[in-house]
Amino acid sequence: MKHVPISFEFFPPNTPVGSDKLKTVVQDLSVVKPEFFSVTYGAGGATRDKTLATVKDIAALGHEAAPHLSCVGSTAEGISEILDTYRAQGIKRLVALRGDLPSGTAVAGEFRFASDLIEFIRKTQGNDWFIEVAAYPEYHPQQRYARKDLEHFAAKVKAGANSAITQFFFNPDAYFHFVDEVRALGVDVPIVPGIMPIHNYAKIAQFAARDGIEIPRWVALKMEGYLDDAASIRAFGIDVVARLCERLITGGAPGIHFYTLNQSPLSLEVCKRLSLT
Ligand code: FAD
(Lines give C-alpha, C1' and ligand atoms only; values in the text may rest on other atoms or scores of the structure.)
Protein backbone atom coordinates (compact mmCIF):
# COMPACT_ATOMS: atom_id res chain seq x y z
CA MET A 1 0.00 0.00 0.00
CA LYS A 2 1.21 3.49 -0.94
CA HIS A 3 2.50 5.45 2.09
CA VAL A 4 0.19 8.30 3.05
CA PRO A 5 0.46 10.91 5.82
CA ILE A 6 -1.46 10.01 8.96
CA SER A 7 -2.82 12.25 11.71
CA PHE A 8 -4.69 11.45 14.92
CA GLU A 9 -7.35 13.39 16.79
CA PHE A 10 -7.82 13.55 20.57
CA PHE A 11 -10.18 15.31 22.92
CA PRO A 12 -8.62 17.02 25.96
CA PRO A 13 -8.71 14.68 28.98
CA ASN A 14 -10.58 15.84 32.07
CA THR A 15 -8.32 14.38 34.74
CA PRO A 16 -4.58 14.13 35.47
CA VAL A 17 -4.88 10.34 35.08
CA GLY A 18 -6.47 10.86 31.65
CA SER A 19 -3.65 13.23 30.67
CA ASP A 20 -1.00 10.69 31.71
CA LYS A 21 -2.77 7.96 29.80
CA LEU A 22 -2.94 10.15 26.71
CA LYS A 23 0.84 10.61 26.76
CA THR A 24 1.18 6.83 26.50
CA VAL A 25 -1.34 6.81 23.66
CA VAL A 26 0.73 9.46 21.83
CA GLN A 27 3.84 7.33 22.25
CA ASP A 28 2.04 4.19 21.03
CA LEU A 29 0.75 6.00 17.94
CA SER A 30 4.09 7.59 17.17
CA VAL A 31 5.25 4.32 15.51
CA VAL A 32 3.22 5.48 12.51
CA LYS A 33 5.26 8.72 12.38
CA PRO A 34 2.16 10.88 12.20
CA GLU A 35 2.24 14.33 10.64
CA PHE A 36 0.44 15.80 13.64
CA PHE A 37 -1.96 15.15 16.52
CA SER A 38 -4.98 17.42 16.74
CA VAL A 39 -6.88 18.31 19.92
CA THR A 40 -10.55 19.29 19.95
CA TYR A 41 -11.93 22.44 21.53
CA GLY A 42 -15.28 22.91 23.27
CA ALA A 43 -17.32 25.55 21.45
CA GLY A 44 -17.59 28.78 23.42
CA GLY A 45 -14.21 28.10 25.05
CA ALA A 46 -15.39 25.31 27.36
CA THR A 47 -12.08 23.39 27.08
CA ARG A 48 -9.76 26.32 26.41
CA ASP A 49 -7.22 25.53 29.16
CA LYS A 50 -7.44 21.76 28.75
CA THR A 51 -6.93 21.97 24.99
CA LEU A 52 -3.87 24.14 25.53
CA ALA A 53 -2.48 21.79 28.22
CA THR A 54 -2.95 18.76 25.93
CA VAL A 55 -1.29 20.56 23.03
CA LYS A 56 1.68 21.37 25.29
CA ASP A 57 1.94 17.72 26.39
CA ILE A 58 2.04 16.54 22.76
CA ALA A 59 4.62 19.15 21.79
CA ALA A 60 6.75 18.23 24.82
CA LEU A 61 6.87 14.65 23.48
CA GLY A 62 8.40 16.03 20.27
CA HIS A 63 5.33 15.90 18.00
CA GLU A 64 3.45 18.53 16.06
CA ALA A 65 0.19 19.42 17.78
CA ALA A 66 -2.71 21.16 16.08
CA PRO A 67 -5.33 22.71 18.36
CA HIS A 68 -8.90 22.99 17.09
CA LEU A 69 -10.39 26.44 17.54
CA SER A 70 -14.09 27.14 17.18
CA CYS A 71 -15.32 30.70 16.87
CA VAL A 72 -19.03 30.64 17.65
CA GLY A 73 -19.79 32.71 20.75
CA SER A 74 -16.30 34.28 20.73
CA THR A 75 -15.04 37.83 20.40
CA ALA A 76 -12.20 38.92 18.13
CA GLU A 77 -10.21 39.87 21.21
CA GLY A 78 -10.68 36.43 22.77
CA ILE A 79 -9.61 34.67 19.56
CA SER A 80 -6.52 36.89 19.25
CA GLU A 81 -5.55 36.06 22.83
CA ILE A 82 -5.79 32.32 22.16
CA LEU A 83 -3.78 32.63 18.95
CA ASP A 84 -1.09 34.58 20.83
CA THR A 85 -0.90 31.86 23.49
CA TYR A 86 -0.45 29.17 20.84
CA ARG A 87 2.03 31.24 18.91
CA ALA A 88 4.14 31.59 22.08
CA GLN A 89 4.21 27.77 22.23
CA GLY A 90 5.51 27.53 18.67
CA ILE A 91 2.22 26.09 17.37
CA LYS A 92 1.71 26.68 13.64
CA ARG A 93 -1.22 24.49 12.62
CA LEU A 94 -4.87 25.05 13.58
CA VAL A 95 -8.16 23.34 12.82
CA ALA A 96 -10.47 26.35 12.39
CA LEU A 97 -14.16 25.74 13.01
CA ARG A 98 -17.45 27.43 13.65
CA GLY A 99 -18.44 24.93 16.36
CA ASP A 100 -21.89 24.42 17.91
CA LEU A 101 -22.98 26.07 21.12
CA PRO A 102 -25.01 23.86 23.46
CA SER A 103 -28.73 24.40 22.80
CA GLY A 104 -30.20 27.16 24.94
CA THR A 105 -26.95 29.17 24.94
CA ALA A 106 -27.28 32.70 23.62
CA VAL A 107 -25.31 33.03 20.39
CA ALA A 108 -23.46 36.27 20.94
CA GLY A 109 -20.09 36.66 19.34
CA GLU A 110 -18.42 38.26 16.41
CA PHE A 111 -18.09 35.25 14.13
CA ARG A 112 -20.96 33.49 12.40
CA PHE A 113 -19.15 30.92 10.29
CA ALA A 114 -15.75 29.25 10.11
CA SER A 115 -15.01 31.40 7.04
CA ASP A 116 -15.26 34.53 9.29
CA LEU A 117 -12.64 33.04 11.61
CA ILE A 118 -10.30 32.20 8.74
CA GLU A 119 -10.66 35.69 7.24
CA PHE A 120 -9.91 37.16 10.65
CA ILE A 121 -6.79 35.01 11.13
CA ARG A 122 -5.47 35.84 7.65
CA LYS A 123 -6.22 39.55 8.13
CA THR A 124 -4.58 39.83 11.54
CA GLN A 125 -1.83 37.19 11.32
CA GLY A 126 -1.11 36.84 7.62
CA ASN A 127 0.09 33.44 6.48
CA ASP A 128 1.65 32.45 9.80
CA TRP A 129 -0.81 29.60 10.35
CA PHE A 130 -1.42 26.40 8.43
CA ILE A 131 -5.20 26.27 8.60
CA GLU A 132 -7.21 23.05 8.44
CA VAL A 133 -10.99 23.20 8.02
CA ALA A 134 -13.86 20.73 8.32
CA ALA A 135 -15.49 19.11 5.28
CA TYR A 136 -18.70 17.07 5.12
CA PRO A 137 -18.86 14.43 2.35
CA GLU A 138 -22.49 13.71 3.33
CA TYR A 139 -23.12 17.44 3.86
CA HIS A 140 -23.41 19.44 7.04
CA PRO A 141 -26.49 18.33 9.02
CA GLN A 142 -27.83 21.90 9.34
CA GLN A 143 -27.68 22.57 5.60
CA ARG A 144 -30.72 21.50 3.62
CA TYR A 145 -29.28 22.15 0.17
CA ALA A 146 -26.21 20.15 -0.84
CA ARG A 147 -25.21 22.72 -3.44
CA LYS A 148 -25.15 25.53 -0.87
CA ASP A 149 -23.02 23.45 1.49
CA LEU A 150 -20.49 22.85 -1.30
CA GLU A 151 -20.42 26.56 -2.09
CA HIS A 152 -19.92 27.47 1.58
CA PHE A 153 -17.11 24.94 1.80
CA ALA A 154 -15.45 26.43 -1.29
CA ALA A 155 -15.83 29.94 0.19
CA LYS A 156 -14.20 28.76 3.42
CA VAL A 157 -11.19 27.43 1.50
CA LYS A 158 -11.04 30.63 -0.54
CA ALA A 159 -10.91 32.61 2.71
CA GLY A 160 -7.51 31.03 3.32
CA ALA A 161 -7.67 27.37 4.39
CA ASN A 162 -4.67 25.21 3.46
CA SER A 163 -6.23 21.78 3.88
CA ALA A 164 -9.44 20.04 4.99
CA ILE A 165 -10.33 17.08 7.20
CA THR A 166 -13.67 15.39 6.67
CA GLN A 167 -16.36 14.34 9.06
CA PHE A 168 -16.26 10.56 9.50
CA PHE A 169 -18.10 8.44 6.95
CA PHE A 170 -18.36 4.81 5.85
CA ASN A 171 -19.33 5.29 2.22
CA PRO A 172 -16.23 6.00 0.08
CA ASP A 173 -18.39 7.10 -2.87
CA ALA A 174 -19.66 10.03 -0.79
CA TYR A 175 -16.05 11.15 -0.29
CA PHE A 176 -15.02 10.75 -3.94
CA HIS A 177 -18.16 12.56 -5.11
CA PHE A 178 -17.57 15.41 -2.65
CA VAL A 179 -13.96 15.79 -3.84
CA ASP A 180 -15.09 15.88 -7.50
CA GLU A 181 -17.77 18.45 -6.72
CA VAL A 182 -15.50 20.85 -4.85
CA ARG A 183 -12.68 20.47 -7.40
CA ALA A 184 -15.23 21.66 -10.00
CA LEU A 185 -15.76 24.74 -7.80
CA GLY A 186 -12.03 25.51 -7.89
CA VAL A 187 -11.00 23.99 -4.54
CA ASP A 188 -7.49 22.59 -4.87
CA VAL A 189 -6.43 21.94 -1.26
CA PRO A 190 -5.98 18.37 0.07
CA ILE A 191 -9.17 16.85 1.49
CA VAL A 192 -8.15 14.25 4.04
CA PRO A 193 -10.73 11.63 5.02
CA GLY A 194 -11.59 11.57 8.73
CA ILE A 195 -11.91 7.93 9.78
CA MET A 196 -13.68 6.65 12.88
CA PRO A 197 -12.47 3.23 14.05
CA ILE A 198 -15.47 1.38 15.51
CA HIS A 199 -14.75 1.49 19.25
CA ASN A 200 -18.35 1.26 20.34
CA TYR A 201 -20.85 0.52 17.59
CA ALA A 202 -23.94 1.75 19.48
CA LYS A 203 -22.32 5.12 20.16
CA ILE A 204 -21.12 5.53 16.58
CA ALA A 205 -24.60 4.67 15.29
CA GLN A 206 -25.95 7.40 17.58
CA PHE A 207 -23.42 10.02 16.32
CA ALA A 208 -24.16 8.97 12.74
CA ALA A 209 -27.93 9.37 13.19
CA ARG A 210 -27.42 12.80 14.80
CA ASP A 211 -25.06 14.07 12.11
CA GLY A 212 -26.70 12.53 9.03
CA ILE A 213 -23.97 9.97 8.29
CA GLU A 214 -24.89 6.79 6.47
CA ILE A 215 -23.94 3.48 8.01
CA PRO A 216 -24.36 0.92 5.21
CA ARG A 217 -27.16 -1.52 5.97
CA TRP A 218 -24.88 -4.54 5.65
CA VAL A 219 -22.57 -3.07 8.30
CA ALA A 220 -25.41 -2.03 10.63
CA LEU A 221 -27.22 -5.38 10.48
CA LYS A 222 -24.09 -7.37 10.99
CA MET A 223 -22.96 -5.23 13.93
CA GLU A 224 -26.39 -5.34 15.55
CA GLY A 225 -26.47 -9.12 15.09
CA TYR A 226 -23.29 -9.55 17.14
CA LEU A 227 -25.17 -8.32 20.25
CA ASP A 228 -22.55 -8.35 23.04
CA ASP A 229 -19.94 -10.45 21.20
CA ALA A 230 -17.15 -7.87 21.63
CA ALA A 231 -14.48 -9.92 19.81
CA SER A 232 -16.59 -10.21 16.63
CA ILE A 233 -17.56 -6.52 16.77
CA ARG A 234 -13.88 -5.59 17.04
CA ALA A 235 -12.72 -7.88 14.25
CA PHE A 236 -15.49 -6.88 11.85
CA GLY A 237 -15.05 -3.17 12.70
CA ILE A 238 -11.33 -3.32 11.90
CA ASP A 239 -12.08 -5.12 8.67
CA VAL A 240 -14.67 -2.54 7.55
CA VAL A 241 -12.48 0.44 8.43
CA ALA A 242 -9.27 -1.01 6.93
CA ARG A 243 -11.05 -1.79 3.64
CA LEU A 244 -12.55 1.70 3.60
CA CYS A 245 -9.06 3.22 4.06
CA GLU A 246 -7.65 0.94 1.34
CA ARG A 247 -10.28 2.14 -1.13
CA LEU A 248 -9.69 5.76 -0.19
CA ILE A 249 -5.92 5.55 -0.52
CA THR A 250 -6.10 3.62 -3.79
CA GLY A 251 -8.57 6.22 -5.07
CA GLY A 252 -6.18 9.08 -4.33
CA ALA A 253 -6.97 10.28 -0.78
CA PRO A 254 -4.02 12.45 0.31
CA GLY A 255 -3.86 11.10 3.89
CA ILE A 256 -5.93 9.61 6.69
CA HIS A 257 -7.02 11.39 9.89
CA PHE A 258 -8.15 9.04 12.67
CA TYR A 259 -10.75 9.99 15.28
CA THR A 260 -9.04 8.03 18.05
CA LEU A 261 -11.34 8.83 20.99
CA ASN A 262 -8.04 8.89 22.92
CA GLN A 263 -7.33 5.20 22.30
CA SER A 264 -4.57 3.69 20.24
CA PRO A 265 -5.29 -0.03 19.62
CA LEU A 266 -7.89 0.16 16.83
CA SER A 267 -6.21 2.98 14.88
CA LEU A 268 -2.91 1.14 15.15
CA GLU A 269 -4.44 -2.13 14.04
CA VAL A 270 -5.92 -0.43 10.97
CA CYS A 271 -2.53 1.18 10.20
CA LYS A 272 -0.90 -2.25 10.48
CA ARG A 273 -3.42 -3.71 8.07
CA LEU A 274 -2.53 -0.92 5.65
CA SER A 275 1.21 -1.59 6.19
CA LEU A 276 1.63 1.95 7.52
CA THR A 277 3.51 1.05 10.69
P1 FAD B 1 -19.00 26.17 8.84
O2 FAD B 1 -18.03 25.81 7.81
O3 FAD B 1 -19.09 27.60 9.26
O4 FAD B 1 -20.44 25.67 8.36
C5 FAD B 1 -21.50 25.54 9.27
C6 FAD B 1 -22.83 25.59 8.55
O7 FAD B 1 -23.06 26.92 8.09
C8 FAD B 1 -22.94 24.70 7.31
O9 FAD B 1 -24.25 24.21 7.26
C10 FAD B 1 -22.66 25.66 6.16
O11 FAD B 1 -23.28 25.23 4.95
C12 FAD B 1 -23.29 26.94 6.69
N13 FAD B 1 -22.65 28.15 6.17
C14 FAD B 1 -21.31 28.40 6.06
N15 FAD B 1 -21.11 29.63 5.55
C16 FAD B 1 -22.34 30.18 5.35
C17 FAD B 1 -22.78 31.44 4.85
N18 FAD B 1 -21.93 32.38 4.45
N19 FAD B 1 -24.11 31.65 4.79
C20 FAD B 1 -25.00 30.72 5.20
N21 FAD B 1 -24.64 29.50 5.68
C22 FAD B 1 -23.32 29.24 5.75
N23 FAD B 1 -16.75 21.07 16.98
C24 FAD B 1 -16.28 21.59 18.14
O25 FAD B 1 -17.05 22.22 18.89
N26 FAD B 1 -14.98 21.44 18.53
C27 FAD B 1 -14.08 20.80 17.75
O28 FAD B 1 -12.90 20.67 18.12
C29 FAD B 1 -14.53 20.24 16.50
N30 FAD B 1 -13.67 19.62 15.65
C31 FAD B 1 -14.12 19.19 14.43
C32 FAD B 1 -13.19 18.61 13.55
C33 FAD B 1 -13.61 18.15 12.29
C34 FAD B 1 -12.58 17.56 11.35
C35 FAD B 1 -14.98 18.22 11.94
C36 FAD B 1 -15.45 17.66 10.62
C37 FAD B 1 -15.89 18.78 12.81
C38 FAD B 1 -15.48 19.28 14.06
N39 FAD B 1 -16.37 19.90 14.96
C40 FAD B 1 -15.90 20.41 16.16
C41 FAD B 1 -17.80 20.00 14.65
C42 FAD B 1 -18.14 21.37 13.97
O43 FAD B 1 -17.84 22.42 14.86
C44 FAD B 1 -19.63 21.36 13.65
O45 FAD B 1 -19.88 20.43 12.63
C46 FAD B 1 -20.23 22.72 13.32
O47 FAD B 1 -21.65 22.55 13.22
C48 FAD B 1 -19.78 23.30 11.99
O49 FAD B 1 -18.51 23.79 12.04
P50 FAD B 1 -17.78 24.20 10.65
O51 FAD B 1 -16.48 24.77 11.02
O52 FAD B 1 -17.82 23.06 9.71
O53 FAD B 1 -18.79 25.35 10.19
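Accessible area of the range 91-246 with a 1.4 Å probe: how many percent of it is carbon plus sulfur?
Taking all protein chains in place, the range 91-246 shows 52 percent carbon and sulfur surface.
Among residues other than V25 whose Cβ falls under 13 Å from its Cβ, what is the net charge (Lys/Arg +1, Asp/Glu -1)?
-2
Could you name the lysines in cross-link range of K156, using Cα to Cα under 25 Å and dropping any fewer than eight places away on the same chain?
K92, K123, K148
Find the Rg to Rh ratio for the range 6-273, where Rh is the Kirkwood radius over alpha-carbon pairs and Rg uses the same atoms.
Rg/Rh: 0.95.
Ordering H68, H63, H3 by accessible area with a probe of 1.4 Å, largest first, what comes out?
In descending accessible area the options line up as H3, H63, H68.
So what's the net charge close to P5: Lys and Arg +1, Asp and Glu -1, counting the other residues with Cβ under 10 Å from its Cβ?
Residues near P5 contribute 0 overall.
Per 0.36 nm of contour for each residue apart, how much would the distance between H3 and R243 grow if the chain were fully extended, relative to their Cα-Cα spacing?
Result: 84.9 nm gained on full extension.
Express the accessible area of the chain per residue in Å², computed with a 1.4 Å probe while the remaining protein chains stay in the model.
48
Going toward the positive end of the dipole of the range 1-152, with +1 on Lys and Arg Cβ and -1 on Asp and Glu Cβ, which of A43, N127, L150 do you reach last?
It is L150, whose Cα lies furthest towards the positive end.
Using a Cα-Cα cut-off of under 12 Å, which aspartates and glutamates could be cross-linked to K2, ignoring same-chain neighbours fewer than 8 residues away?
Within the straight-line limit of under 12 Å, K2 reaches these aspartates and glutamates: E246.
Could you please report the charge total around E269, scoring K, R as +1 and D, E as -1 over all other residues with beta-carbon less than 15 angstrom from its beta-carbon?
Result for the local shell: +1.
The values are calculated or read from the model by the stated rules, or taken from the named source; none is laboratory data. What you see is a predicted model, and the numbers here were worked out from it, not measured in a lab. Heads up, the Cβs are rebuilt from the backbone with ideal geometry, glycines too, and the neighbour counts pull from every protein chain shown. Only protein heavy atoms, including side chains, enter the accessible area calculation; ligands, DNA and RNA are left aside. Shrake-Rupley method; radii C 1.70, N 1.55, O 1.52, S 1.80 Å.
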